[in-house]
1. Please go through the range 1-34 and pick out each residue that is assigned to a loop (DSSP other than H, G, I, E, B) and not small (Gly, Ala, Ser).
2. I need a count of the residues in the range 38-56 that are surrounded by fewer than 21 Cβ atoms within 10 Å (Cβ to Cβ), closer than 19 Å to Asp337 by Cβ and either of a type outside the set (Gly, Ala, Ser) or modelled with pLDDT under 95 (or both).
3. Mind checking which residues of the range 130-139 are buried (at least 20 other Cβ atoms within 10 Å of the Cβ) and farther than 17 Å from Trp211 by Cβ?
4. Filter the range 275-291 down to the residues that are modelled with pLDDT of 95 or more and either within 18 Å of Gly125 (Cα to Cα) or among the charged types (D, E, K, R) (or both) and list them by number.
5. Residue pairs, Cβ under 8 Å, 6 or more apart or interchain, first in the range 1-21 and modelled with pLDDT of 95 or more, second among the basic types (Lys, Arg). List them.
6. With the condition being farther than 22 Å from Gln188 by Cα and in contact with a Phe, Trp or Tyr (Cβ under 7 Å, 6 or more places away or on another chain), I'd like the helices (runs of 4 or more DSSP H) fully within the range 273-368 carrying at least 1 qualifying residues.
7. Scan the range 20-61 for residues that are within 19 Å of the chain's Cα centre (by Cα) and either on the phi > 0 side of the Ramachandran plot or β-branched (Val, Ile, Thr) (or both) and jot them down.
Amino acid sequence: MSVTDLLAQLAPIGLTAGGGYRRFTWTPEYAGLRQWFLYQAEARQLQVVKDANANLWAYMGDPEGAEIVAVGSHLDSVPDGGAFDGPLGIASAFAALDLLAQRGLRPQRPIAVVAFTEEEGARFGVACLGSRLLAGAIDPERARALTDAKGVSLKEAMLEAGEDPSRLGADPSLLARLDTYVELHIEQGRGLIDLGQPVAIGSEIWPHGRWRIDFPGTADHAGTTRMRDRDDPMARFAATVVRVFDAAQSDSTRATFGRIEVTPNSTNAIPSLVTAWLDARAATDGALESVVASAGSDVTMTAESVTRRVEFDPDLRDRLAGLLGGVPQLPTAAGHDAGVLSEAGVSSAMLFVRNPTGVSHSPAEHANAEDCIAGTESLARVLTDLGGFH
């Protein structure tokens, strides 16, 4: 089955009236996505194993074998996100296996298609949660206590979905058996547009993270309280935004305040608390630290997730570049499960597929059919080599 056919099957799940997707973990929509994954695995006679962190692994070969070559991505989305961020990588993995089967090829090593949970962090706030748990990069107790916007904890959501949150945590045995992880992903920028190329290899992931900033104040009446008498946290929040944005004006830094909660959130009341989330990224660790520090020493900041610069395995990068005829190599400022696994010692790589709009985390995100097919062909060539298909 072609990658475009597989994406078409997913297209109705979580689609909103505005054309974007809401595919949050442990919701009915997410259950539908996981059921699709199980169906695709069954159709290809792949054995599905759900690890301790509810990540799904569909194996061609022995699930308990060594030197596993894994390919995949994630199925969840940001609020009103696009159709390709995540699912393209999983659909391409299944389609690449179909191409190799059509050519009568079988692997010499176990191959796994993986779907990681809560990669976007859209519901529970920590990105790449499934891979972080697998790698031991986050405490499972902290993970179970994470809550969504309605106050529902991850533990409660998993129980409601029929999952077992008591098993969450690092899986060193699985990590030790993982030899290579390759993640195909839509490019979330304009690099391939500018280069006029359909596919690229990821070279590195910029340092990035999310910080919660609390601005306490004093609730009062919007009409009767003089401006000079106010203890208004919104004013401090606004000043912080200006400082951070001023510090992030170079092409090698990014700063975003995309989420804010106001208490009591009333039009005619001065807030008692403003809580905002800073997403900061930069080309170097030092530049990232500088942007975050610009928020000021007088604010209360809590790091929710921080990832230092990740350089993908140079030997694997060069090997893939040779296989794919010298395709370009691009850095990315977007975080991915491949970065988490790379930090955990798994030889990891990424392939990017051109996004002609250059827009992501939006309904405008797009990938042309011919570029998706080129990405699948590239992934099939990579699997042929890494998996010893013959």
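The values are calculated or read from the model by the stated rules, or taken from the named source; none is laboratory data. No experiment lies behind these values; they were computed from the predicted model shown. Note: ideal-geometry Cβ built from the backbone for every residue, glycine included; neighbour counts use all protein chains shown.
1. If the condition is that a residue be assigned to a loop (DSSP other than H, G, I, E, B) and not small (Gly, Ala, Ser), then Met1, Pro12, Ile13, Thr16, Arg22, Arg23, Phe24, Thr25, Trp26, Thr27 are the ones that fit.
2. Residues flagged as surrounded by fewer than 21 Cβ atoms within 10 Å (Cβ to Cβ), closer than 19 Å to Asp337 by Cβ and either of a type outside the set (Gly, Ala, Ser) or modelled with pLDDT under 95 (or both) within the range 38-56 amount to 4.
3. Answer for the range 130-139, where residues must be buried (at least 20 other Cβ atoms within 10 Å of the Cβ) and farther than 17 Å from Trp211 by Cβ: Gly130, Ser131, Leu133, Leu134, Ala135.
4. Thr275, Ala276, Trp277, Leu278, Asp279, Ala280, Arg281, Glu289
5. What qualifies is Ile13/Arg23; Gly14/Arg22; Gly14/Arg23; Thr16/Arg22.
6. Numbers: elements: 285-293, 314-323, 337-343.
Answer list for the range 273-368: 285-293.
7. Thr25, Trp26, Thr27, Ala54
Every residue, every condition in (1) assigned by TED's automatic domain parsing to the domain that holds Ser77; (2) without any contact (Cβ under 8 Å) to a residue 24 or more places away in the chain; (3) of a type in the set (Gly, Ala, Ser), yes or no:
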position: Gly326; (1), (2), (3): yes, yes, yes
position: Ser342; (1), (2), (3): yes, no, yes
position: Asn355; (1), (2), (3): yes, no, no
position: Ser362; (1), (2), (3): yes, no, yes
position: Glu365; (1), (2), (3): yes, no, no
position: Cys372; (1), (2), (3): yes, no, no
position: Ala380; (1), (2), (3): yes, no, yes
